[in-house]
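Worksheet: the structure to be examined is printed underneath.
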Amino acid sequence: MDIGLTTLREEDIQKHILVAQSLVTKVAVIEAAKSKSKTELAGTRRRFIQTVNTAGARSSRNVELAKALSSISKGDKMLSVAQHNVLFKTRRAIAVALAVSDLFAKQTGLDALQKKNTSSPLKGDDADRFRGLLEASAYVAAFTASAYLKQMIEGSGEATSDVDAPSFDFSTPQDALKGLVACLEGAALSSDDDASLLVRIREAADEALGDLFSRKARFTGLGPFEEVHLKLDSDGFELNGFDTAPSGKRKPLVMQFKKPNEIIGNHIAKYQAMKQAKMMMAYDFDRQLNPFVELGGYVFTFIGDGAPGTGKTILIQMIAGMINDYCQVAGYGFVYENFGVDQISSYQGKSGQNCKQFINNVLNPKTIGFGTVDDIDQVAAKRSDDRASAGQQEVTAVLMESFAGATTVIRGNCSFGMFSNYPENVDDALRQRAGARWLVDGPQTQDDYVDIFALLAGKNHDIPLGDHDLFEAQQIEKAVSEAYGEHAKPQEEGLLNVFDKFMSDHGKLKTMNDIGTYLHMIKLAEPRFTGRAIKNITDAIKMRAMDIDLPDEWFENPETFMHLDYDTKKNMIAELRSPFTMEMVLQEINRYADSEFRYTDKSDNAAVGDIIRRERQREKAVKQIDNMKKNGLWGG
């Protein structure tokens with residue numbers, strides 16, 4: 001199919017309205033027999049389960065979606081706004097799906113084969129090709145209708161796990177859509193009210209898409225649809241191949257944005273966050289690639305750790321605010337999502353689905369995305385923690401696979417940040433998938449504390465400033481230079497011992513051999529310092545080589561930089577970079593290794609604290625037992 005943007009015409013959709021209306025009113029379907037009875041047990045919403053195996057049996061039944069929707073509001077024959085919305089959008093989804101299947105038929109030659117088959121039955125290769133394309137068009141119709149419902153139906157609430165997947169028949173597009181309507185009817189019949197209806201309809205669309213993706217490899221004619229870009233302007237509906245992430249209508253981002261000058265301290269984290277926001281805006285939507293991914297230095301995942309109250313939340317607000325402002329200038333769509341503990345579900349498998357949906361929404365190559373996992377130590381569990389819930393374990397597995405799995409593709413349009421007060425409680429393998437480490441330690445110096453108090457106090461006072469240059473210590477270039485310089489020597493005692501031993505045995509780092517030797521010595525002292533740690537360090541070094549501050553003028557007008565073609569942007573960026581130095585290498589090794597030693601020390605200290613507390617409890621228990629024995633209260 002044409003890889004350009006194709007706009008669906010309203011007249012092509014209206015041709016299918018009568019068929020769509022008939023499908024949502026009453027249609028006969030043939031389904032495999034189910035073990036659940038249609039009759040509810042008295043006083044419950046549970047159904048009788050047959051003890052006789054009916055697998056393989058098929059039966060015909062009538063599906064009446066409109067009637068099922070009207071039965072939700074007992075005693076009211078009129079559909080509510082939500083019920084009418086579902087009925088109207090289902091009819092619309094079917095009409096749009098049939099229009100897309102027509103377009104698919106025209107652009108693959110299926111329509112010509114259909115005409116030829118009408119005059120005389122096809123034989124040989126033509127018959128096989130006709131059958132393959134007809135089944136593919138049925139698949140495309142079912143996918144389009146499901147994707148439309150997922151994008152157009154808005155519902156919020158705890159998802160359920162009792163919505164059955166559709167029973168699809170891919171003989172024709174209409175047959176496939178009948179299966180989807182039957183699935184929607186089942187979701188409506190099991191809904192108690194309008195709120196649960198919307199959630200269940202979205203769940204049915206999700207189930208349909210999941211079932212379709214599981215069957216995708218069986219269809220031979222879907223290749224041309226992979227590169228299609230379809231748009232229906234009146235509805236704000238888009239299809240980009242088989243990408244189900246909604247790229248059309250989104251709610252505007254509501255957040256209390258922060259400016260960089262409102263953050264005191266956290267110099268390196270703030271500096272790298274500002275760079276990250278600008279790097280993401282170099283993304284090329286036509287090539288679907290960012291020059292920084294090719295040149296090096298792009299941060300796909302990072303972890304920010306620090307004590308409570310040091311500024312992790314306002315750092316998130318700053319990054320999101322900067323990206324949002326740049327996207328408004330460029331006219332790009334921006335997606336910000338946070339995955340939190342409220343998305344851990346009690347239903348088996350649902351937490352993993354929620355997390356995967358979060359990942360897919362941020363990854364959508366048609367938008368700029370920023371995703372955060374705040375308090376990740378509570379959201380994702382260590383795999384060795386038998387006290388963690390199944391939902392937390394599911395989230396850990398999904399994040400690990402998404403951040404650095406076999407199918408992970410980094411395009412450079414988005415970034416994921418994990419934040420925690422207790423990063424030592426995060427699974428080691430997941431934590432090491434964070435390519436960058438941002439220590440969010442808040443204000444540190446006397447100047448920092450004067451600056452933050454003056455900033456938060458405001459101007460409604462006459463108190464003199466005193467002997468202090470306000471915000472002089474927050475000048476970013478000077479502060480970052482000093483902060484990086486502090487990592488010329490390690491900060492953590494464990495790493496400092498390794499560093500001192502290396503310096504006494506080998507002197508300063510001068511060669512690649514010296515670097516490898518130092519890294520190996522760190523590995524011997526900290527077993528979790530693996531090959532992935534080395535990759536993260538080299539990525540950080542490459543980022544330092546790309547330690548260029550893209551000029552603010554490039555982002556004031558989209559034609560200056562953001563709307564230029566990929567090769568031009570790449571050349572403009574390449575002209576600004578410089579080779580990295582041994583000083584940068586040592587600083588980045590120490591920064592990363594410091595974090596691993598810091599996490600280990602925190603974890604060890606917590607374990608020691610638990611042992612001390614248990615021993616104190618044991619001693620207290622022994623004393624109480626002795627007293628009970630003296631008073632004759634111990635024993636049977």
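Pairs of Cα atoms nearer than 8 Å and 6+ residues apart set the relative contact order; for the stretch 153-244 it is 26 percent. Averaged per residue, the stretch 293-426 has 36 square angstrom of accessible surface, using a 1.4 angstrom probe with ligands and nucleic acids left out. How far is helix 476-485 tilted off the main Cα axis of the chain, in degrees rounded to 10, range 0 to 90? In the chain, helix 476-485 runs at an angle near 70 degrees to the longest axis.
Pairs of Cα atoms nearer than 8 Å and 6+ residues apart set the relative contact order; for the chain it is 12 percent. Were the residues from Glu553 through Ile625 laid out at 0.36 nm apart, the gain over their Cα-Cα distance would be 18.3 nm.
Which trypsin sites (Lys or Arg not before Pro) does the stretch 408-457 hold that lie in a coil by DSSP with at most 10 other beta carbons within 10 Å?
none
Under the convention that each Lys and Arg Cβ holds +1 and each Asp and Glu Cβ holds -1, the size of the dipole of the chain around its Cα centre is about 2780 debye. Assuming a viscosity of 1.002 mPa s and a temperature of 20 °C, what translational diffusion coefficient in µm² per second does Stokes-Einstein assign to the chain, Rh being the Kirkwood radius over Cα pairs? Diffusion coefficient, whole number: 75 µm²/s.
Based on the reciprocal of the average 1/r between different C-alpha atoms, the Kirkwood radius for the stretch 397-442 equals 12.0 Å. When the alpha carbon gyration tensor of the stretch 121-210 is reduced to an equivalent ellipsoid, its three semi-axes come out at 32, 11, 9 angstrom, largest first.
Average accessible surface for the stretch 162-246: 36 Å² per residue, computed with a 1.4 Å probe over protein heavy atoms with every protein chain in place.
Surface composition of the chain: carbon and sulfur make up 52 percent of the accessible area, probe 1.4 Å. Scaling against 2.2 N^0.38 Å puts the C-alpha radius of gyration of the stretch 346-478 at 1.45. Based on C-alpha pairs under 8 angstrom that are at least 6 apart in sequence, the stretch 67-183 has a relative contact order of 27 percent.
Between the C-alpha center of the stretch 208-239 and that of the stretch 420-439 there is a gap of 36 Å.
Averaged per residue, what accessible area in Å² does the stretch 507-585 show with a 1.4 Å probe, protein chains only?
55
Among Gln446, Gln151, His506, whose Cα sits farthest toward the positive end of the charge dipole of the chain (+1 at Cβ of Lys/Arg, -1 at Cβ of Asp/Glu, about the Cα centre)? So the residue we want is Gln151.
Based solely on its DSSP helices, what 222 nm [θ] is calculated for the chain when runs of n ≥ 4 H residues each add -39,500 (n - 2.57) and the sum is averaged over all residues, nearest 500 deg cm²/dmol? Value at 222 nm, helices only, nearest 500: -16500 deg cm²/dmol. Were the residues from Ser171 through Ser59 laid out at 0.36 nm apart, the gain over their Cα-Cα distance would be 38.6 nm. The long axis of helix 493-506 is offset from the longest Cα principal axis of the chain by roughly 70 degrees. Does anyone have the angle between helix 512-525 and the longest principal axis of the chain? Alpha-carbon axes, 0 to 90°, nearest 10? The angle comes out near 90 degrees. Spin-label model, Asn460/Trp634: points 7 Å from Cα along the beta carbon direction are separated by 6.4 nm. Does the stretch 311-364 come out rounded, prolate or oblate by the C-alpha gyration tensor, with a ≥ b ≥ c the root eigenvalues, rounded set by a/c under 1.5 and, if not, prolate when a/b is larger than b/c and oblate if not? Oblate, since a/c reaches 1.5 and b/c is not below a/b.
Using a cut-off of 15 Å between beta-carbons, work out the net charge of the residues near Asn557 (Lys and Arg +1, Asp and Glu -1, Asn557 not included). Around Asn557, the charge tally is -3.
The values are calculated or read from the model by the stated rules, or taken from the named source; none is laboratory data. This is a predicted model, so every value here is computed, not measured. Cβ: placed from backbone, ideal geometry, glycine included. Neighbour counts: every protein chain shown. Ligands, DNA and RNA are stripped out before the accessible areas are found, and what is left, the full protein with its side chains, is counted by its heavy atoms. Shrake-Rupley method; radii C 1.70, N 1.55, O 1.52, S 1.80 Å.
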